[in-house]
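Written out below as structure tokens is the structure these notes cover.
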Amino acid sequence: MRQVDLGVDIGSLRLSNPVLTASGTFGYGLEFRSFGDISALGGIVVKGTTLEPRAGNRPQRVVETAAGMLNSIGLENPGVDYFLTHYLPELRDLGVTTIVNMAGNTVEEYCRLTERLQQPGVAALELNISCPNVKAGGMAFGTSETAVYEVVGQVKRHTSLPLIVKLSPNVTDIASIAQAAEAAGADAISLVNTLLGMAVDTRTRRPILGNVVGGLSGPAIKPVALRMVWQVAQAVRVPVIGLGGIMTANDALEFIICGASAVQIGAANFIEPGTAWQVIDGIASYLREQGLSSVRELVGSLQF
Ligand SMILES: Cc1cc2nc3c(=O)[nH]c(=O)nc-3n(C[C@H](O)[C@H](O)[C@H](O)COP(=O)(O)O)c2cc1C
């Protein structure tokens with residue numbers, strides 16, 4: 001079988017292939033070892049990590065929707081110190097490319113967390129800016145260009161690791177938010193996080209989610225995510241990582257053709273835990289069929 005080159009660069013980080021798993025949908029990777037070799041993935045993005053442990057939101061936390069799901073987990077996680085002592089050593093020993101997704105409620109919190117994560121075995125940081133900025137009345141960082149510029153710029157001062165900024169789709173103009181992140185020093189942009197939504201129990205007339213609103217993910221959001229990835233890829237020079245509703249290799253290829261250098265598999269992991277490995281194989285087969293030698297030739301090759 002003809003060899004194809006699946007390697008891609010995310011800033012200074014070389015990935016062996018363009019397929020990552022999305023934060024919050026693949027645990028710490030270790031839970032998925034029975035489904036495949038996690039070190040053979042392009043990388044894993046671990047669950048959103050905070051400075052202190054968090055208990056998360058009250059139940060109910062997930063609802064199935066047409067072609068997707070709503071979640072309001074509320075960033076439940078054991079905190080950065082637990083991650084560093086209980087998960088990172090094993091991930092490092094297994095040779096997994098580990099990207100840590102970071103969450104915080106103030107710029108200072110993000111910066112202290114960034115400092116704690118300067119450890120061998122952490123390949124890159126992914127900054128989740130969909131969190132509420134408590135010093136700005138709880139408005140998500142990712143909805144204001146000024147707040148994005150501020151938090152990305154400050155975090156960048158505390159790390160030499162590649163910094164991926166993960167955008168919220170709940171904005172009017174995604175391209176200007178991406179440009180603010182790039183101007184502040186982002187090495188790559190990932191998008192999208194979940195779209196805000198809600199669901200109601202008509203028998204009780206109450207919201208189904210304990211938190212009332214939650215984030216929509218899965219195939220339902222793919223066309224919106226793809227449109228945003230395409231817009232952002234044209235607006236910035238740094239690499240773009242696309243996600244939102246990817247279930248198959250063909251879905252992933254759409255994102256790559258629209259300008260994504262890499263993709264992340266999210267909600268699909270709950271339906272078919274082997275999806276990420278299948279997507280890697282599917283991308284390789286497509287490259288062979290198309291007579292291409294490298295996936296990089298495909299990035300941003302949309303004809304229009
Ligand atoms: C249960 C669940 C938990 C999630 N937790 C996080 C998180 O901690 N940090 C984050 O940045 N995104 C989180 N996400 C968002 C996903 O990483 C991803 O951006 C989103 O689900 C869209 O991709 P998908 O449609 O492929 O799932 C979570 C999504 C789900 C479904």
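The values are calculated or read from the model by the stated rules, or taken from the named source; none is laboratory data. Remember, it's a predicted structure, so these values are computed and weren't measured experimentally. Cβ: placed from backbone, ideal geometry, glycine included. Neighbour counts: every protein chain shown. These accessible areas exclude ligands, DNA and RNA; they are computed on the full protein's heavy atoms, side chains included. Shrake-Rupley method; radii C 1.70, N 1.55, O 1.52, S 1.80 Å.
Brief remarks on what is shown
- Residues being of a type in the set (Asp, Glu), under 28 Å from Ala199 (Cβ atoms) and without any contact (Cβ under 8 Å) to a residue 24 or more places away in the chain are entirely absent from the range 106-126.
- You will find that of Glu76, Glu108, Glu64, the residue that is touching a Gly at 6+ places or on another chain (Cβ under 7 Å) and surrounded by fewer than 17 Cβ atoms within 10 Å (Cβ to Cβ) is Glu76 and no other.
- Only one entry in Ser23, Ser34 is at pLDDT 95 or above and away from the ligand (no atom under 14 Å from the Cβ), namely Ser34.
- Helices (runs of 4 or more DSSP H) enclosed by the range 78-167 - at least 1 residues per element that are farther than 20 Å from Phe26 by Cβ: 107-116, 145-156
- Residue that is surrounded by fewer than 22 Cβ atoms within 10 Å (Cβ to Cβ), closer than 30 Å to Gly36 by Cβ and in contact (Cβ under 8 Å) with a residue 24 or more places away in the chain, where the choices are Leu167, Leu94: Leu94
- Failed condition for Ser39, given (1) more than 18 Å from Pro162 (Cα to Cα); (2) under 16 Å from the mean Cα position of the chain (by Cα); (3) not β-branched (Val, Ile, Thr): (2)
- Filtered residue count, the range 230-252, keeping only those that are open to solvent by 20 Å² or more (accessible area, probe 1.4 Å) and closer than 14 Å to Val8 by Cβ: 3
- Breaking point among (1) over 21 Å from Gly11 (Cα atoms); (2) open to solvent by 10 Å² or more (accessible area, probe 1.4 Å); (3) away from the ligand (no atom under 11 Å from the Cβ); (4) not in a helix (DSSP H, G or I), for Leu209: (2)
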